[in-house]
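Worksheet for the structure shown next.
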Amino acid sequence: MDQEILLDAASRVQRLKMFPYFDIAHYVLMVISVRDDMSGTASLFSRKHPLSCWLSSMLMCFAGSFLANFLLGEPVIAPFKRHDDILLATVVWYLVFYSPFDIVYKFSKMTPVKIALSVLKEVQRAYKVSHGVAHAAKLYPNSYLVHILVGTAKGAGSGVIRTFEQLVRGIWAPAHNELLRPTFATKGCLAASIIFALEKQSYYISAPHDIVYLVCLMLQHG
Amino acid sequence: MDQEILLDAASRVQRLKMFPYFDIAHYVLMVISVRDDMSGTASLFSRKHPLSCWLSSMLMCFAGSFLANFLLGEPVIAPFKRHDDILLATVVWYLVFYSPFDIVYKFSKMTPVKIALSVLKEVQRAYKVSHGVAHAAKLYPNSYLVHILVGTAKGAGSGVIRTFEQLVRGIWAPAHNELLRPTFATKGCLAASIIFALEKQSYYISAPHDIVYLVCLMLQHG
Amino acid sequence: MDQEILLDAASRVQRLKMFPYFDIAHYVLMVISVRDDMSGTASLFSRKHPLSCWLSSMLMCFAGSFLANFLLGEPVIAPFKRHDDILLATVVWYLVFYSPFDIVYKFSKMTPVKIALSVLKEVQRAYKVSHGVAHAAKLYPNSYLVHILVGTAKGAGSGVIRTFEQLVRGIWAPAHNELLRPTFATKGCLAASIIFALEKQSYYISAPHDIVYLVCLMLQHG
């Protein structure tokens with residue numbers, strides 16, 4: 001591939017605005033994961049316990065922020081400050097759970113749509129990991145381990161938060177947590193975090209930031 | 001009702017000093033709820049595990065503060081700074097669990113006494129919700145959702161904290177949490193928080209603050 | 001005993017450098033406690049879930065800091081900032097779980113070695129309690145209860161953190177927490193914290209700080 005094209009593509013991917021399309025893809029996939037986790041009881045549960053259902057979905061949609069904020073001692077409630085994000089996630093939650101004839105849910109589960117959503121979500125994930133590392137690096141300049149952990153938490157926090165999200169729904173499954181069997185996505189986030197953290201030390205990785213970003217993104221796609 | 005009288009009553013209710021009478025009522029009801037939760041094993045448990053029993057009671061007495069502090073990223077331990085509150089709660093805990101002939105517990109469970117205590121407690125609850133909203137509004141001026149959540153947490157935090165309070169006592173009942181089946185008190189707190197949060201925007205509610213306060217109080221009494 | 005010798009010994013104990021010998025003893029005992037908690041499944045688990053196993057061990061090694069930071073609203077992730085501590089704990093974790101022929105584990109379980117390690121660990125514990133009290137006293141000068149709680153958390157946090165450490169390993173045993181049946185070590189930490197907290201008020205305890213330190217240390221040894 002021509003280097004010019006690569007650099008240009010990398011630069012474009014990195015400058016993409018996350019809001020709202022990429023965020024929507026992320027929210028849809030997260031709310032669907034909450035709904036699938038309820039399996040057969042979803043329609044009954046969502047009607048009987050809307051508050052618990054909404055809070056569960058919000059916990060999953062902003063899982064990375066909640067976990068990173070908790071680890072860094074920042075206000076856990078902070079994601080609720082961004083009204084447009086919450087509103088968007090709430091609309092997505094409403095459509096996935098209560099749309100007439102369940103069309104939104106059924107449409108999102110179709111293979112080509114699901115793949116498109118996943119691609120968008122992975123781009124957003126790379127963005128979140130890179131921001132997590134950068135944020136931690138600002139707070140603790142020389143603590144690489146903290147950078148890596150915060151980056152991973154931002155990108156793959158939903159696996160850890162799921163245990164507590166299930167608790168909100170009255171379910172407790174301690175034997176199925178992400179730390180026991182890290183998924184591919186979590187490992188990808190860990191790898192990306194390590195690369196971003198190393199990149200901060202300019203003398204380890206000399207490639208332009210845009211390329212590093214693209215490599216990390218591809219790494220996650222696997 | 002004459003408007004003068006109403007304004008006067010509202011102003012008085014709002015200026016009531018919470019410490020110590022209203023606080024005592026709150027502590028008594030909270031410690032009793034801990035004791036009732038143990039049902040038959042209360043007298044045995046309180047003698048065998050006094051530390052766990054005391055911590056359980058403190059967690060419930062200051063549940064609103066613990067939850068609000070956690071959400072806002074403030075020190076969770078902060079309620080333990082107020083020595084007179086803790087001392088008062090400890091005295092109440094001691095009397096409810098260990099008073100001779102169990103008279104304090106039996107007396108507090110009598111219907112007229114219980115109603116009186118509940119009235120006092122609801123007045124204190126309105127006070128806490130209003131302070132929770134005001135505190136959150138000071139930290140995050142434009143995040144109405146945060147105001148509402150913190151106000152609700154301050155007023156009805158005990159429902160959420162109960163799950164962890166039970167954990168301190170070695171009991172785990174994830175299927176019975178407040179978020180699944182919010183009680184009337186929680187819904188009242190949510191309504192009051194919303195009203196207080198709207199009131200901060202002077203152009204939504206034009207009634208004097210005292211009257212709003214009284215309405216919220218009545219709303220909670222149901 | 002001659003007072004000179006006592007004062008000299010006390011002064012020396014207090015000025016001991018914790019890193020690395022005392023810390024190593026603490027880490028070895030903590031990692032062994034994690035391994036013993038897995039009992040028969042340890043070798044299988046440590047090979048199948050190394051990430052979960054490592055995180056469990058780290059949680060236990062730095063339990064006091066995690067708990068104290070959580071209570072004081074400081075970043076929970078802070079212990080990961082100290083790279084040399086984490087590296088040392090990781091090396092200990094690796095040796096205890098994966099050393100050839102299991103020699104490190106078997107050697108550490110021999111009675112004389114175990115006693116030596118325990119003595120070193122108790123010296124470190126007194127140091128941690130004293131620092132916990134001093135740190136809390138700096139933040140909240142007049143809140144004795146906070147000093148005592150933070151001191152105890154620093155010294156005996158592993159009992160409380162164990163419940164969550166087990167959660168990381170997919171095990172949930174709410175009925176066996178430290179608060180229900182505080183061990184002797186926890187009670188010793190509580191006593192030491194109270195003494196250190198009182199000592200801050202110079203008019204309660206007039207003995208030199210070094211002697212107080214030594215008394216607290218002995219108190220813990222029991």
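The values are calculated or read from the model by the stated rules, or taken from the named source; none is laboratory data. As the structure is a computational prediction, the values presented were derived from the model and not from experiment. Methodologically, a virtual Cβ is constructed for each residue, glycine included, from the backbone with ideal geometry; neighbour enumeration extends over all protein chains shown.
Of note:
- A:Leu29 being within 14 Å of chain C (Cβ to nearest Cβ) and either in contact with a Ser or Thr (Cβ under 9 Å, 6 or more places away or on another chain) or touching a residue at least 60 places away in the same chain (Cβ under 8 Å) (or both): no
- Any hit, segment B:45-54, residues being surrounded by 19 or more Cβ atoms within 10 Å (Cβ to Cβ), small (Gly, Ala, Ser), touching a residue at least 24 places away in the same chain (Cβ under 8 Å) and under 22 Å from B:Val160 (Cα atoms): yes
- Only a single item in (1) within 26 Å of A:Thr186 (Cβ to Cβ); (2) crowded, with 20+ Cβ neighbours inside 10 Å is not met by A:Ser118, and it is number (2).
- For B:Val129: the one exception among (1) in contact (Cβ under 8 Å) with a residue 60 or more places away in the chain; (2) β-branched (Val, Ile, Thr); (3) under 26 Å from B:Leu51 (Cβ atoms): (3)
- Test: C:His135 is surrounded by fewer than 18 Cβ atoms within 10 Å (Cβ to Cβ), in contact with a helix residue (DSSP H, G or I) (Cβ under 9 Å, 6 or more places away or on another chain) and within 14 Å of another protein chain (Cβ to nearest Cβ): yes
- Residue check: C:Ala185 meets all listed conditions (1) modelled with pLDDT of 85 or more; (2) out of contact with any Leu (no Cβ under 8 Å at 6 or more places or on another chain) but one, namely (1).
- A search for C-beta distances below 8 Å between a residue of segment C:59-73 that is closer than 18 Å to C:Gln166 by Cα and any residue that is in a helix (DSSP H, G or I) and among the aromatic types (Phe, Trp, Tyr), counting only pairs 6+ apart in sequence or on different chains, returns C:Leu59/C:Phe66; C:Leu59/C:Phe164; C:Cys61/C:Tyr27; C:Cys61/C:Trp93.
- Filter pass, A:Lys81 being touching a Lys or Arg at 6+ places or on another chain (Cβ under 6 Å) and closer than 28 Å to B:Tyr144 by Cα: no
- Within segment C:80-99, the set of residues being in a helix (DSSP H, G or I) and more than 12 Å from chain A (Cβ to nearest Cβ) comprises C:Leu88, C:Val91, C:Val92, C:Trp93, C:Tyr94, C:Leu95, C:Val96, C:Phe97, C:Tyr98.
- Verdict on A:Ala126 being in a helix (DSSP H, G or I) and in contact with a Leu (Cβ under 8 Å, 6 or more places away or on another chain): yes
- Selection count where residues are assigned to a helix (DSSP H, G or I) and surrounded by fewer than 24 Cβ atoms within 10 Å (Cβ to Cβ), scope segment A:64-79: 7
- The single condition from (1) over 28 Å from B:Leu190 (Cβ atoms); (2) touching a helix residue (DSSP H, G or I) at 6+ places or on another chain (Cβ under 8 Å); (3) of a type in the set (Ser, Thr, Tyr) that B:Ser56 fails is (1).
- For the criterion of being assigned to a helix (DSSP H, G or I), touching a Leu at 6+ places or on another chain (Cβ under 7 Å) and facing chain C (nearest Cβ under 10 Å), B:Leu55 passes.
- Flag set for A:Met18, criterion: outside any helix (DSSP H, G or I) and either out of contact with any strand residue (DSSP E or B) (no Cβ under 6 Å at 6 or more places or on another chain) or under 30 Å from B:His147 (Cα atoms) (or both).
- B:Leu117 being over 29 Å from A:Arg169 (Cα atoms), modelled with pLDDT under 85 and not in a loop (DSSP other than H, G, I, E, B): no
- Among the residues of this structure, A:Tyr144 does not count as one that is touching a Lys or Arg at 6+ places or on another chain (Cβ under 7 Å) and either more than 21 Å from A:Val76 (Cβ to Cβ) or surrounded by fewer than 23 Cβ atoms within 10 Å (Cβ to Cβ) (or both).
- The lone criterion from (1) surrounded by 21 or more Cβ atoms within 10 Å (Cβ to Cβ); (2) of a type outside the set (D, E, K, R); (3) not in a helix (DSSP H, G or I) left unmet by C:Ala197 is number (3).
- Filtered residue count, segment A:143-170, keeping only those that are without any contact (Cβ under 8 Å) to a residue 24 or more places away in the chain and either more than 7 Å from every other protein chain (Cβ to nearest Cβ) or part of a helix (DSSP H, G or I) (or both): 4
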